[in-house]
Amino acid sequence: MKRLFSVLLAGALLWGPILEAEAEGSAPPDVSAASAVVMDGDTGRVLYEKDGKARRLIASTTKLMTALVALESGHDLEEKVAIAPQWTGVEGSSIYLRPGEEITLEALLYGLLLRSGNDAALAVAGHCGGTVENFVRRMNDKARALGMEDTSFANPNGLDDPAHYSSARDMAILARACLDNEALAKIAGTKSVTLGCRTFTNHNKLLWRYEGCLGLKTGYTKKAGRTLVSAAERDGVTLICVTLNAPSDWADHTALLDWCFARYQSRELSRAGEHVGQLPVSGGLAPVCPVMAADSLRAALAPGERLEASFVLREGKLSAPVARGAPVGEIVYYVDSVELARVPLATGEDVPDIQAPKGGFHLWRNGFKN
């Protein structure tokens, strides 16, 4: 792939109203957590970090990965799960499963994420993985696929184990994947639900206390301390907050989310289907083919941050026939010279065979044309 050029996006300089709203000398809050991260849910960019890559015990926030792997396993939520004796009587939080009873996978997942049932975690793992051990292997495979470099799972419920750990940054990566899973996001954001003979009420107090909270998961063991993964949305900005070993986790999340919401605003970087340029076409009925952004992208940006974009193309010229939607490269966005995100580029129209044109790549955006 050939990097053709970089352009400074003019829209990134239009920060007048935001600069006025930003408090001078605004410093991040002091928090009780040993490790903490706030991440932009749209791009995965870390906006705040305190010892974010340190490997620590994560307690029941583990169950986010349990739920994600289960929901991606292909099993239907309405499936009946016959409870095996070895999945019952587990220490810690429980939904009090009984050997031989039948319960839907959906109810188990609500019991897993709202009540934090350790027995529900074993039942989900055993049913969706064939064995709990096989399911845990899938959890570790998923962690590697997501790029969670400081994570190892030894069980599906988060009980303390030397081989079971993660980091605040990795758990934010996991939370972002969970928000992208519609079914998981719905469950994790539910305050209370009754399924069958059981009623589950979410342990996450931020759902009641914090405006715009989307859920996700609480956790606690004596060794891990209090762990919490939360997400919230305001004015188009989605933030993910993770604290590990945080005695005052509710206060930590409130302070960190408030600080980031005050500092960052959502900006549209690309819109799916928007034409951003054109490429010459050889042997085509038309001499050029429009190039469009294949995906939409928004980002949380702060005043004074410099946003740039590079267009990286596979080829400098297309050959007819050209089909609409064919990949041709990507836009790479940077904030203060650090890569932020990538958006794929695709052809915007069909171009049938006919003739070869002349010309080069042209870019237009925000009223400018090169």
Legend entry - Criterion: closer than 19 Å to ASP160 by Cα, outside the structural domain of ASP336 (by TED's automatic domain parsing), surrounded by fewer than 22 Cβ atoms within 10 Å (Cβ to Cβ) and among the hydroxyl-bearing types (Ser, Thr, Tyr) - qualifying residue of SER94, SER60: SER94
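Here is a yes/no grid of residues against (1) of a type outside the set (D, E, K, R); (2) touching a strand residue (DSSP E or B) at 6+ places or on another chain (Cβ under 8 Å); (3) without any contact (Cβ under 8 Å) to a residue 12 or more places away in the chain:
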site: GLY44; (1), (2), (3): yes, yes, no
site: LYS53; (1), (2), (3): no, no, no
site: ALA59; (1), (2), (3): yes, yes, no
site: SER73; (1), (2), (3): yes, no, no
site: GLN86; (1), (2), (3): yes, no, no
Legend entry - Candidates PRO99, PRO28, filtered to the one that is over 25 Å from ASN181 (Cβ atoms), loosely packed, with under 13 Cβ neighbours inside 10 Å and either modelled with pLDDT under 95 or not hydrophobic (A, V, I, L, M, F, W, C) (or both): PRO99
Inset, instruction - Might you let me know whether segment 189-209 holds any residue that is surrounded by 17 or more Cβ atoms within 10 Å (Cβ to Cβ) and within 16 Å of the chain's Cα centre (by Cα)? - result: yes
Legend entry - Leading residue by the ranking (surrounded by the fewest Cβ atoms within 10 Å (Cβ to Cβ)) among those in segment 154-176 that are part of a loop (DSSP other than H, G, I, E, B) and touching a residue at least 60 places away in the same chain (Cβ under 8 Å): ASP160
Legend entry - Where VAL136 falls short, out of the listed (1) aliphatic (A, V, I, L, M); (2) assigned to a helix (DSSP H, G or I); (3) modelled with pLDDT under 95: (3)
Inset, instruction - Among the numbered conditions (1) modelled with pLDDT of 95 or more; (2) over 23 Å from ASP170 (Cβ atoms), tell me where LEU64 comes up short. - result: (2)
Inset, instruction - Quick one: in segment 292-350, of everything that is part of a loop (DSSP other than H, G, I, E, B), within 22 Å of the chain's Cα centre (by Cα) and at pLDDT 95 or above, which residue is farthest from GLU233 (Cα to Cα)? - result: ALA294
Inset, instruction - Evaluate segment 110-127: report whether one residue or more is among the hydrophobic types (A, V, I, L, M, F, W, C), in contact with a Gly (Cβ under 8 Å, 6 or more places away or on another chain) and more than 19 Å from ASN155 (Cα to Cα). - result: no
Inset, instruction - Check whether at least one residue in segment 300-322 is in the same structural domain as ASP350 (by TED's automatic domain parsing), crowded, with 21+ Cβ neighbours inside 10 Å and under 30 Å from ASP258 (Cβ atoms), and report yes or no. - result: yes
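The values are calculated or read from the model by the stated rules, or taken from the named source; none is laboratory data. From a predicted model like this one, the values you see are computed outputs, not experimental measurements. Cβ atoms come from the backbone with ideal geometry, glycine included; neighbour counts cover every protein chain shown.
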